[in-house]
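Colleague: Dropping a structure here in structure tokens format, bear with me for questions.
The values are calculated or read from the model by the stated rules, or taken from the named source; none is laboratory data. For clarity, every value in this text was computed on a predicted model and none was experimentally measured. Virtual Cβ from ideal backbone geometry, glycine too; neighbours counted across all protein chains shown. Surface accessibility is based on the protein's heavy atoms, side chains included, excluding ligands, DNA and RNA. Shrake-Rupley method; radii C 1.70, N 1.55, O 1.52, S 1.80 Å.
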Number of protein chains: 2
Amino acid sequence: MSLPAEFALIARHFRPLAGEGALGLADDAAVLDIPAGRRLVVAADAMVEGVHYLPADPPETVGRKLLRVNLSDLAAMGAAPLGYLMTTSFARGTADAWIAAFARGLAEDQRAFGLAALGGDTTVTPGPACLSLTILGTVAPDAVLTRAGARAGDDVWVSGTIGDGALGLRVLRGELPGDAEGHLVRRYRLPEPRLALGGALAGLARAGLDVSDGLVQDLGHLCRAAGCGAVIEAAAVPFSAPARAALAADPALLPVLLTGGDDYELLFAAAPADRAGIEARAAAAGVAVTRIGGFVPGAAEVTVRGADGQRMSLASGGWSHF
Amino acid sequence: MSLPAEFALIARHFRPLAGEGALGLADDAAVLDIPAGRRLVVAADAMVEGVHYLPADPPETVGRKLLRVNLSDLAAMGAAPLGYLMTTSFARGTADAWIAAFARGLAEDQRAFGLAALGGDTTVTPGPACLSLTILGTVAPDAVLTRAGARAGDDVWVSGTIGDGALGLRVLRGELPGDAEGHLVRRYRLPEPRLALGGALAGLARAGLDVSDGLVQDLGHLCRAAGCGAVIEAAAVPFSAPARAALAADPALLPVLLTGGDDYELLFAAAPADRAGIEARAAAAGVAVTRIGGFVPGAAEVTVRGADGQRMSLASGGWSHF
């Protein structure tokens with residue numbers, strides 16, 4: 001009996017991604033054991049062609065971004081990766097070479113981040129591609145980092161640099177001069193999940209998340225979960241050299257950097273007494289962290305102060321699909 | 001700070017579906033514990049509007065079918081449900097009432113099957129809706145049922161009735177006379193995951209799966225995993241009364257019943273010595289089971305014998321997306 005094209009495609013491109021417990025992606029489900037003394041952490045994020053990535057993006061980076069935005073959710077919980085399930089609805093007529101490159105990107109990042117595929121579903125859609133990934137990880141019970149727990153008086157910290165991804169998208173759309181092979185586009189296409197830092201924050205950070213919808217909007221989530229406000233200084237927010245250059249050329253880009261999203265940096269709260277500890281652990285994890293403000297008593301609002309000390313007015317809190 | 005429409009939609013429709021460990025669907029991931037002595041079972045299935053369900057299908061049944069086809073994968077492994085993550089890419093402009101009804105259907109079946117939402121992602125697509133669900137379950141280590149393990153000489157068993165869903169789809173497409181509120185359409189829209197039966201087969205069934213792509217094609221999977229063939233008798237395959245009536249009116253429908261898919265019945269192998277045991281456990285689980293043939297030595301091929309004892313020629317082994 002010959003196998004239909006669907007199974008041949010899975011065997012050719014996706015079976016090599018399968019890990020232990022995946023039963024070769026040939027069964028109805030994967031079966032695995034969670035190590036004793038670890039809690040299971042699960043998250044799911046989807047990417048739609050033309051919405052979360054561009055049709056012209058290299059398929060390798062599409063696969064890698066799909067995995068990385070999910071790994072970033074594990075990082076935000078302080079968890080370590082275990083495996084993933086992926087459901088792909090490819091646009092009808094997608095070239096086999098596109099799918100092969102997409103799978104190659106996944107394979108590369110699986111090796112880099114130490115996880116493997118556990119299962120999924122492969123189908124087609126008459127519309128643009130819909131790619132969905134569910135990630136599984138584990139965490140020690142006392143190391144779970146959640147959005148709730150910041151207190152008025154805590155510092156607001158952020159990892160890496162903010163706004164690169166939002167600017168990279170503008171470069172790709174031709175709205176901003178820049179190089180499609182440059183730093184900003186690379187940051188849009190290949191976010192860096194901060195797994196080492198997320199794991200290192202256990203016991204010091206009081207609350208945290210990864211910045212996906214924009215710094216200001218996501219800080220608002222920490223405020224609402226804590227029942228307090230936050231004030232950040234725009235001048236303290238870390239920007240990359242290419243982002244600083246873009247901002248120098250057009251100061252009106254500042255709100256884009258602060259609210260644009262696609263950062264996948266960790267945003268977290270910690271007590272002022274733990275500043276040295278946070279910096280030591282971040283250094284050990286090989287990631288820069290920056291204090292950009294503090295949590296304050298009062299309503300769950302985020303205030304951004306400009307270089308002039310005045311409250312900035314931001315038209316949009318961040319990215320929304322609706 | 002006002003919340004964007006996306007968060008309001010999640011809060012309104014999906015947060016009420018959240019279970020323990022889901023952190024109110026407000027965090028980056030869910031955190032949960034797998035009970036000691038149980039293995040984790042995970043599977044993912046996606047449904048695309050116009051491919052896996054019809055745009056005119058009631059949204060309640062779309063949500064319920066999405067959950068049920070995934071529950072069926074747990075049933076096929078002998079596992080019990082724990083929770084699920086769902087990523088939805090709704091078509092742009094989908095009415096709030098549609099999403100509300102979709103969520104109501106999920107809520108109804110969550111209660112019926114004893115599980116809850118653990119997380120997910122809500123987005124939009126300019127194309128038809130893509131709905132993806134990852135299901136988590138648990139199983140006792142010695143009760144895992146996989147596709148591999150049938151032996152030549154084993155019986156081929158199937159639960160319930162075959163072909164109803166494929167005929168129901170034809171009714172909805174106007175290709176077959178019938179009632180849109182009748183049994184066949186109901187079976188297409190609301191498959192019945194055989195969780196009790198799957199759990200009851202532990203230690204007796206040697207291999208099994210759920211029939212989603214068509215009886216003949218899915219039996220081929222058991223043959224390939226076992227390295228042997230199978231022979232089934234078309235006259236022994238269980239059909240519902242409405243399916244028998246359709247077949248009497250048009251005998252050319254027989255291949256549709258045998259290869260059409262959308263059955264979500266359990267197809268499994270067991271030794272002839274265990275016939276009474278299988279029947280007793282199925283009776284206790286409240287599900288009819290039928291012996292439809294046997295596994296035979298030789299190549300991994302499925303032979304269907306017609307009422308005349310001759311080998312039937314089936315144009316297509318089953319459903320494929322590509």
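Colleague: In the range B:66-83, what count of residues is obtained for those that are closer than 11 Å to B:Arg189 by Cα and open to solvent by less than 10 Å² (accessible area, probe 1.4 Å)?
Modeller: Qualifying residue count for the region: 2.
Colleague: Taking the condition of being within 11 Å of chain B (Cβ to nearest Cβ) and surrounded by 15 or more Cβ atoms within 10 Å (Cβ to Cβ), how many residues in the range A:84-104 meet it?
Modeller: Here the count works out to 10.
Colleague: Could you list, in sequence order, all residues of the range A:37-57 that are more than 22 Å from B:Ile135 (Cα to Cα) and either out of contact with any helix residue (DSSP H, G or I) (no Cβ under 6 Å at 6 or more places or on another chain) or of a type outside the set (Ser, Thr, Tyr) (or both)?
Modeller: A:Gly37, A:Glu49, A:Gly50, A:Val51, A:His52, A:Leu54, A:Pro55, A:Ala56, A:Asp57
Colleague: Name the residue that is surrounded by the fewest Cβ atoms within 10 Å (Cβ to Cβ), counting only residues in the range A:281-307 that are under 13 Å from A:Ala205 (Cβ atoms) and of a type in the set (Gly, Ala, Ser).
Modeller: Of everything passing the filter in the range A:281-307, A:Ala285 is surrounded by the fewest Cβ atoms within 10 Å (Cβ to Cβ).
Colleague: Where residues in the range A:168-203 are under 14 Å from A:Arg68 (Cβ atoms) and of a type in the set (D, E, K, R), which of them is farthest from the chain's Cα centre (by Cα)?
Modeller: Applying the filter and picking the extreme gives A:Arg186.
Yes or no, residue by residue, for (1) assigned by TED's automatic domain parsing to the domain that holds A:Asp263; (2) part of a helix (DSSP H, G or I); (3) closer than 18 Å to B:Leu40 by Cα:
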residue	(1), (2), (3)
A:Pro35	no, no, yes
A:Val42	no, no, yes
A:Asp45	no, no, no
A:Pro55	no, no, no
A:Glu60	no, yes, no
A:Asn70	no, yes, no
A:Leu74	no, yes, no
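Colleague: Here is a follow-up. Quick check on the range A:54-65: of everything there that is of a type outside the set (Asp, Glu) and surrounded by fewer than 23 Cβ atoms within 10 Å (Cβ to Cβ), which residue is farthest from the other protein chains (Cβ to nearest Cβ)?
Modeller: It comes out as A:Pro58.
Colleague: Continuing with this model, one more query. Just one of (1) surrounded by fewer than 19 Cβ atoms within 10 Å (Cβ to Cβ); (2) more than 30 Å from A:Ala230 (Cα to Cα); (3) more than 11 Å from chain A (Cβ to nearest Cβ) trips up B:Glu20, so point out which.
Modeller: The failed condition is (2).
Colleague: Out of all the residues in the range B:127-154, which are surrounded by 20 or more Cβ atoms within 10 Å (Cβ to Cβ) and more than 14 Å from chain A (Cβ to nearest Cβ)?
Modeller: B:Asp154
Colleague: I'm checking my understanding of the structure. Among residues of the range A:36-52 that are of a type outside the set (A, V, I, L, M) and touching a residue at least 60 places away in the same chain (Cβ under 8 Å), which one is surrounded by the fewest Cβ atoms within 10 Å (Cβ to Cβ)?
Modeller: Within the range A:36-52, the match that is surrounded by the fewest Cβ atoms within 10 Å (Cβ to Cβ) is A:Gly37.
Colleague: Still on this structure, I have one more. If B:Val41 passes every condition in (1) on the phi > 0 side of the Ramachandran plot; (2) at the interface with chain A (Cβ under 7 Å from one of its Cβ atoms) but one, which one does it miss?
Modeller: Unmet for B:Val41, out of (1) on the phi > 0 side of the Ramachandran plot; (2) at the interface with chain A (Cβ under 7 Å from one of its Cβ atoms): (1).
Colleague: Listed residues A:Gly63, A:Gly114, A:Gly37, A:Gly50; which is under 21 Å from A:Ser212 (Cα atoms) and in contact with a Pro (Cβ under 8 Å, 6 or more places away or on another chain)?
Modeller: Selected residue: A:Gly50, the only one of A:Gly63, A:Gly114, A:Gly37, A:Gly50 that is under 21 Å from A:Ser212 (Cα atoms) and in contact with a Pro (Cβ under 8 Å, 6 or more places away or on another chain).
Colleague: Out of B:Asp28, B:Asp73, report the one residue that is free of Cβ contacts under 8 Å to residues at least 24 places away in the same chain, in contact with an Asp or Glu (Cβ under 7 Å, 6 or more places away or on another chain) and at the interface with another protein chain (Cβ under 8 Å from one of its Cβ atoms).
Modeller: Result of the check over B:Asp28, B:Asp73: B:Asp28.
Colleague: Here is a check on your reading of the model: is A:Val304 touching a strand residue (DSSP E or B) at 6+ places or on another chain (Cβ under 7 Å) and free of Cβ contacts under 8 Å to residues at least 60 places away in the same chain?
Modeller: So A:Val304 fails the test.
Colleague: Could you say which residue among A:Gly214, A:Gly198, A:Gly182 is within 14 Å of another protein chain (Cβ to nearest Cβ), open to solvent by less than 30 Å² (accessible area, probe 1.4 Å), farther than 19 Å from A:Val287 by Cβ and out of contact with any Cys (no Cβ under 7 Å at 6 or more places or on another chain)?
Modeller: Matching residue, one of A:Gly214, A:Gly198, A:Gly182: A:Gly214.
Colleague: Give the residues of the range A:207-220 that are assigned to a loop (DSSP other than H, G, I, E, B) and either closer than 16 Å to A:Thr290 by Cα or of a type in the set (Phe, Trp, Tyr) (or both), sorted by residue number.
Modeller: Scanning the range A:207-220 gives a single hit, A:Val211.
Colleague: In the range B:105-126, which residues are within 14 Å of another protein chain (Cβ to nearest Cβ) and either within 17 Å of the chain's Cα centre (by Cα) or surrounded by fewer than 23 Cβ atoms within 10 Å (Cβ to Cβ) (or both)?
Modeller: Within the range B:105-126, B:Leu115, B:Ala116, B:Thr122, B:Thr123, B:Val124, B:Pro126 meet the criteria.
Colleague: Where residues in the range B:246-266 are among the hydrophobic types (A, V, I, L, M, F, W, C) and surrounded by fewer than 22 Cβ atoms within 10 Å (Cβ to Cβ), which of them is nearest to B:Ala205 (Cα to Cα)?
Modeller: Filtering first and then ranking leaves B:Leu254.
Colleague: Another question, if that's okay. With the checklist (1) over 20 Å from B:Val211 (Cα atoms); (2) open to solvent by less than 20 Å² (accessible area, probe 1.4 Å); (3) in contact with a strand residue (DSSP E or B) (Cβ under 7 Å, 6 or more places away or on another chain) in hand, flag the one item B:Ala269 doesn't pass.
Modeller: All conditions are met except number (1).
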